[in-house]
Amino acid sequence: DAGVTQTPRHEVAEKGQTIILKCEPVSGHNDLFWYRQTKIQGLELLSYFRSKSLMEDGGAFKDRFKAEMLNSSFSTLKIQPTEPKDSAVYLCASSPTGNTEVFFGKGTRLTVV
Amino acid sequence: GQQVKQSSPSLTVQEGGISILNCDYENDMFDYFAWYKKYPDNSPTLLISVRSNVDKREDGRLTVFLNKSGKHFSLHITASQPEDTAVYLCANSGGSNYKLTFGKGTLLTVTP
């Protein structure tokens, strides 16, 4: 069964680079989420799409983080420019509809040097 | 501010005991409450969830208690086993915005 697919699994970037993370949600799911996971802050919501429409863009993450969903089966998260403090695991998740189980991808581990 | 708060970053329980994990929230519009389990280097997976129209839900060794007036919900794990050792994340959503907001997690360690 095809769960949430994220690529790449690992990414190393130099400070100031632009990186693009990719996500394919579970087929038929309406909601898509991007989270950042760190040991200190836990899971922080970056962006939330409902039926491809951006519902939330994560407030504090607005300036260098941009998520897009050009079609219902593909989303990207662009970080531009990257900074060392962006080093974290980035998780994409999808859900059939609101207030139901959210399914997570395996994540992309980003290291910015 | 932190909308969903797990005040205990860690909890240690002996095998066979009851593990009690707690979560407080701020927004009384929340109507969906969930507990996720996360092993190291793995993504969270849903354990159990409940909607605001019930105060309690049981599923095997797991029970979720919801105290709406106190803006608090908890997860009880009976007969705790070493395999239950993991990070437990509470989460909730509701109102007009269905985004799922997570607590920072509680590391449960069950000792043999």
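Just a few scattered comments:
- Over 29 Å between alpha carbons, listed pairs A:62/B:56; B:68/B:104; A:22/B:56: A:62/B:56; A:22/B:56
- Computed over the range A:16-91: relative contact order in percent, which uses C-alpha pairs under 8 Å that are six or more apart: 39 percent
- Relative to the compact-globule estimate of 2.2 N^0.38 Å, the Cα radius of gyration of the range B:4-111 comes out at 1.01.
- Orientation-averaged projection of the range A:53-113 equals 4.9 nm² [convex hull of Cα atoms, one quarter of hull surface area].
- Ellipsoid semi-axes in whole angstrom, largest first, where each is sqrt(5λ) of the Cα gyration tensor of the protein assembly as shown: 30, 20, 16
- Sparsely packed loop sites in the range A:39-113 (the GluC sites (Glu not before Pro) outside DSSP H, G, I, E and B with at most 16 other Cβ atoms within 10 Å) comprise A:101.
- Amide H partners (placed H, <5 Å) of residue A:67, local residues excluded: A:78
- Test item: B:100-110 mean partner chain Cβ contacts at 10 Å: 3
- Accessible-area value, residue B:51, 1.4 Å probe, nucleic acids and ligands omitted, Å²: 100 Å²
- In this structure, the pairs whose alpha-carbon distance is over 25 Å, taken from A:66/B:5; A:52/A:106; B:71/B:99, are A:66/B:5.
- Computed from the C-alpha gyration tensor, the three semi-axes of the ellipsoid equivalent to chain A are 22, 14, 13 Å, from longest to shortest.
- Shielding by partners, peptide A:53-64 (average Cβ within 10 angstrom, other chains): 1
- Taking every residue in A:91-104 and counting other chain Cβ atoms within 10 Å of its Cβ, the average works out to 5.
The values are calculated or read from the model by the stated rules, or taken from the named source; none is laboratory data. Please read these numbers as outputs of a predicted model, since none were measured by experiment. Note that each Cβ is placed from the backbone with ideal geometry, even for glycine, and that neighbours are counted across all protein chains shown. Side chains are part of the model used for accessible areas, which takes the heavy atoms of the whole protein and leaves out ligands, DNA and RNA. Shrake-Rupley method; radii C 1.70, N 1.55, O 1.52, S 1.80 Å.
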